[in-house]
Amino acid sequence: LVAEVYGPEYEQQIETARKIREVFEQTPGVEDVDWLVEDDQVVYSMIVDKEKAALTGVNTQQVAHTLRIALNGTDVGLLHDEHEIEPVGIELRLARENRSSIENLANVSVHSQNGQMIPISDLVTVSKRFEDKSIYRKNLKRVVYVTGDVAGKIESPIYALLDMDKKIAQIEVADGAQLEPLYTSTPFLEEDISVKWDGEWQITYEVFRDLGAAFAVVLLIIYLLIIGWFQSFKVPLIMMIAIPLSLVGIIPGHFFHGAFFTATSMIGMIALAGIMVRNSVLLIDFIELRLADGIPLKQAVIEAGAVRTRPILLTAGAVVIGAVVILFDPIFQGLAIALIWGGVASTMLTLGLVPLIYYMVEKKKYPEVAGKN
């Protein structure tokens, strides 16, 4: 889970992000909450008084070298122990309790050229400041990130997002406006405080958006191909009724297996589109062949259901058997569920509905035949 906070003033962004972080922490199922805002870090600077140091016979490099040894240590030799295979390094360094404060370091002494030990506190001036903090930007807009993970029974981020949206809408911002989280794009302007959801949700949105566009292209191509073969704009629509019928099996199938509708489920649904339309083509093509032989429409519809059932069931069976092998795969389970349940449901409904709808639509085209029936 990633919440991006945008706004005109950085302090307002941080304050809003702090409140959103509290919402994250209070939401069940949201764990490991954090934000990309650094705490205040104190930096001490020791500025050497070069004139005073020169008078005492100490140079700046000596002071820096002494402090480096006190803080980081330095290797001064090797210890050859009969119980060790390799020589053990000897490090010269102040104990932790003697280097944990600026006062301890100021009491360290430097050996001057005159042979005297001069305390560093006599040679330096200590200044205190806060370290500069990182400021993040996205698409040239200043942003503050709040992050978290989803854990528990519900692993999809969308449920946590919908739950937190209600609480985020109650957050009071400086200008009195109401926060309405954005889902698909960053705010165009930074005049007001705004929040956008990112992270796994953004990936999910982009995947389903692209797959949805691909599905639309597939449907258009299938429609154009059938138009070219049957020379009709109405018949292809009847054939493509089999495509949405797969949802009758896909949705209950995911519920039965306790699985989420994932990107692989969408891929399975797209794959079923071509398979199910093929079943419709087998039925309607047979009907039109029998009509060309002078057979009445009702009889042609009945014969199509009787004759084409076996090849249609064999096709559906092959799809189901091929998908069983990936049913228990954690990644491709959605694909298997879509192919198995969607294939079975769509096949059963196609055998009954497609010939029936074709008969209801086309019976006006054969009034004399419809009257005889």
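The values are calculated or read from the model by the stated rules, or taken from the named source; none is laboratory data. Being a predicted model, the structure only gives us computed values, none of them experimental. Virtual Cβ from ideal backbone geometry, glycine too; neighbours counted across all protein chains shown. Heavy atoms of the whole protein, side chains included, go into the accessibility calculation; ligands, DNA and RNA do not. Shrake-Rupley method; radii C 1.70, N 1.55, O 1.52, S 1.80 Å.
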The condition from (1) touching a Phe, Trp or Tyr at 6+ places or on another chain (Cβ under 7 Å); (2) open to solvent by 70 Å² or more (accessible area, probe 1.4 Å) that Val76 misses is numbered (1)
Q | Yes/no for Val277 being over 30 Å from Ser156 (Cα atoms), assigned to a helix (DSSP H, G or I) and under 34 Å from the mean Cα position of the chain (by Cα) | A | yes
Cβ pairs under 7 Å, 6+ apart or interchain, first in segment 143-163 and closer than 23 Å to Gly7 by Cα, second among the charged types (D, E, K, R) and surrounded by fewer than 16 Cβ atoms within 10 Å (Cβ to Cβ), ordered by first then second residue, are Val143/Arg137; Thr147/Asp34; Gly148/Glu31; Gly148/Asp32
inquiry  = Given the condition farther than 30 Å from Ile120 by Cα, in contact with a strand residue (DSSP E or B) (Cβ under 6 Å, 6 or more places away or on another chain) and not hydroxyl-bearing (Ser, Thr, Tyr), answer yes or no: does some residue in segment 61-75 qualify?
reply    = no
Going through segment 3-48 in order, the residues found to be loosely packed, with under 15 Cβ neighbours inside 10 Å and within 30 Å of Ala106 (Cα to Cα) are Glu38, Asp39, Asp40, Gln41, Val42, Val43, Tyr44, Ser45, Ile47
Only one of (1) part of a helix (DSSP H, G or I); (2) surrounded by fewer than 16 Cβ atoms within 10 Å (Cβ to Cβ) does not apply to Asp329, and that is (1)
In segment 269-278, residues that are over 10 Å from Ser246 (Cα atoms) and surrounded by 20 or more Cβ atoms within 10 Å (Cβ to Cβ) total 2
| request: For segment 238-246, indicate whether the set of residues that are within 22 Å of Trp341 (Cα to Cα), part of a helix (DSSP H, G or I) and open to solvent by 60 Å² or more (accessible area, probe 1.4 Å) is non-empty. | output: yes
Residue pairs qualifying under the 9 Å Cβ cut-off, at least six apart or on distinct chains, with the first in segment 59-76 being among the charged types (D, E, K, R) and the second being assigned to a helix (DSSP H, G or I), are none
